[in-house]
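Structure, as structure tokens:
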Amino acid sequence: MNGQLYPTTANEPKVHPLIRNSFAFVPSAGMRLAPEVLVLELFREIFFTKHYESTTTKEIDPDELNDSRAPSYSIGEQAVFYALRGRRKKTKSSRVQRFFAPAYPILARGGWIGKNRERVINNFFLGGPIAQYLWCRGTDVKNKQREQEEIIELIGKALVGHNSVVPGSYRGKEILSVALRNVAYNLDLDLAKKNLEEKTGYRPVIRIDRDELSTRIFRDTKFVCGLERDLPRMQWLHLLMTFLRFSLPIWLLAQMRITSFLHEWLLDAMDQGCIASSQDIEQRIANRNRGLLHPTLTPKREVFDRIEQYMKNRVELNILLYCLEKIRPNEISNKSLDVRMKSSDKLSIESLLHLARDASGDLKATDRFKQVALGLDVRRFLIREGELFAAWRNPLLKGQGKNIDEFIRVLYRAELGDEEGGYLLIPEGRGTSRGFRVFPGQLLLKTITYLAAEDKYSNGRTGGSGKLVLEDVENHFQQYGIDFSSAADARPLMIQEMQAMGLLMGSPDAGASVAVKNPYRG
């Protein structure tokens, strides 16, 4: 019966075109069990004609044999793979299997993400925060075009390696690249540039003057890439993997909030007659990254709560938009949502809210509303309609909620092979009691400390007598939605961890004002 009102998939309504063609659309996520897989995907997206070689996913196996039963990789290549072996895979096999990261683009030739798999590097990195930062004010901003050229060059050079071997010259070169000196390959830098231009190019983005999270990730990408020439390749790759496994899920969680904002604003308009101001709309979207997760030493279900709320709001929002389109087809059909702009093919959020408020009575007069929620408000109607869908009833097990839950697992501390400490979430418990302690591992702490230092001095800020202090590190985490200032039990542990790592340069008693050392640029 509800199919007459809106098209559906197996688990939920289809995403309404007003959302699908707009900044508010959240692309599909998918499982990435290890950060090594993210690096593989990054190389494939940039340095190869296609990000896949077959419809199925193929993981890197250094001991792989070709059709002639000869090794697919040289001894030098195998040595480099094993130098970067990662966490153990959970398999039923008695043989220990691990994830492997490609140290250089050529080593990504034997692994890929399947053709039809979700492209998380494209969705939540290159085409996500990087594109958002570049084009949030339109394509006519010349300095943004220059910044696109700069970030493309920075990413390309860092992934190729500033200290890589060139024929006939091994002195002073990176040891991992020396091991590959006899590997014949032709690196197409023009293809890499073309791919980066396409994947960071203009697309539907949030058109606002200031977007904190995309700015943060864009600047931090530059800082990470800029460090490649000064660190051993192996150490830098671990830092890169930590940055990717942290920033991509945070970007996704922040984007999911937009759906919840729209859901809230529309219900306020239809049930209360309240229209959010354009100023409030822009401010909340610009600050969607704030307070995403709260550091805690007690296991919480906050991550699960975020996913469950998003999926319920997503299902209900799409139901509501299909209902509104049936009532007001000329005002919604063939349009996409925009923060501000209203035109023949765009509908601003504020205009949508006015439309929804005016259509509230008409919606309640429909046969479907009377059948489902006679005498009740729109909120109750949407809940009852949403309950018909598996993605609403079981958001962690069905539809996109399951995919998001699986992707967020890249933030988990692995049981084996995560000694470097690039994680954010520490799983505890099982079943319905399963939760997480939200606290960064040592490598993530080092990474954010380095990024905070680079950000402070690149901006010319000299607070704290010109020194990096703990407050700077906390502020950097805060821009990623991790707020230590409100975590009474977590801050002392962070101070303790940083002291054990040798990062504190003063007495812990100084609290937020204690001086902190840059771990990579002493």
Criterion: under 19 Å from VAL120 (Cβ atoms), at pLDDT 95 or above and more than 18 Å from the chain's Cα centre (by Cα) - qualifying residue of VAL15, VAL39:
VAL15
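Would you check if GLU420 is touching a His at 6+ places or on another chain (Cβ under 8 Å), on the phi < 0 side of the Ramachandran plot and in contact (Cβ under 8 Å) with a residue 24 or more places away in the chain?
For GLU420, the condition - touching a His at 6+ places or on another chain (Cβ under 8 Å), on the phi < 0 side of the Ramachandran plot and in contact (Cβ under 8 Å) with a residue 24 or more places away in the chain - is met.
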Filter segment 134-146 for residues that are surrounded by fewer than 17 Cβ atoms within 10 Å (Cβ to Cβ) and of a type outside the set (Lys, Arg) and give the result.
GLY138, THR139, ASP140, VAL141, ASN143, GLN145
Hey, does segment 372-395 have a residue that's on the phi < 0 side of the Ramachandran plot, modelled with pLDDT of 95 or more, within 22 Å of the chain's Cα centre (by Cα) and among the aliphatic types (A, V, I, L, M)?
yes
Take PRO27 and tell me if it is touching a residue at least 12 places away in the same chain (Cβ under 8 Å), out of contact with any Pro (no Cβ under 6 Å at 6 or more places or on another chain), more than 23 Å from TRP251 (Cα to Cα) and assigned to a loop (DSSP other than H, G, I, E, B).
no
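Among the listed residues ILE46, ILE19, identify the single one that is surrounded by fewer than 23 Cβ atoms within 10 Å (Cβ to Cβ), aliphatic (A, V, I, L, M) and not in a loop (DSSP other than H, G, I, E, B).
On inspection, the qualifying residue turns out to be ILE19.
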Looking only at residues in segment 328-350 that are farther than 19 Å from VAL205 by Cβ and surrounded by fewer than 19 Cβ atoms within 10 Å (Cβ to Cβ), which one is modelled with the lowest pLDDT?
SER344
Of all residues in segment 161-202, how many are in contact (Cβ under 8 Å) with a residue 60 or more places away in the chain and not in a loop (DSSP other than H, G, I, E, B)?
7
Please specify each residue of segment 279-301 satisfying the condition of being surrounded by fewer than 19 Cβ atoms within 10 Å (Cβ to Cβ) and within 27 Å of PHE381 (Cα to Cα).
ASP280, ARG284
Please state which one of GLY156, GLY128 is crowded, with 16+ Cβ neighbours inside 10 Å, farther than 19 Å from SER458 by Cα, at pLDDT 95 or above and touching a Lys or Arg at 6+ places or on another chain (Cβ under 9 Å).
GLY156
Quick check: is even one residue across segment 400-422 crowded, with 23+ Cβ neighbours inside 10 Å and of a type in the set (Asp, Glu)?
no
Quick test for you: out of ALA453, ALA512, pick the one residue that is surrounded by fewer than 19 Cβ atoms within 10 Å (Cβ to Cβ), hydrophobic (A, V, I, L, M, F, W, C) and either assigned by TED's automatic domain parsing to the domain that holds LYS300 or in a helix (DSSP H, G or I) (or both).
ALA512
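The values are calculated or read from the model by the stated rules, or taken from the named source; none is laboratory data. Only a predicted model underlies this, so the values are computations on that prediction, with no experimental measurement involved. Every residue, glycine among them, receives a Cβ derived from its backbone with ideal geometry; neighbour counts consider all protein chains shown.
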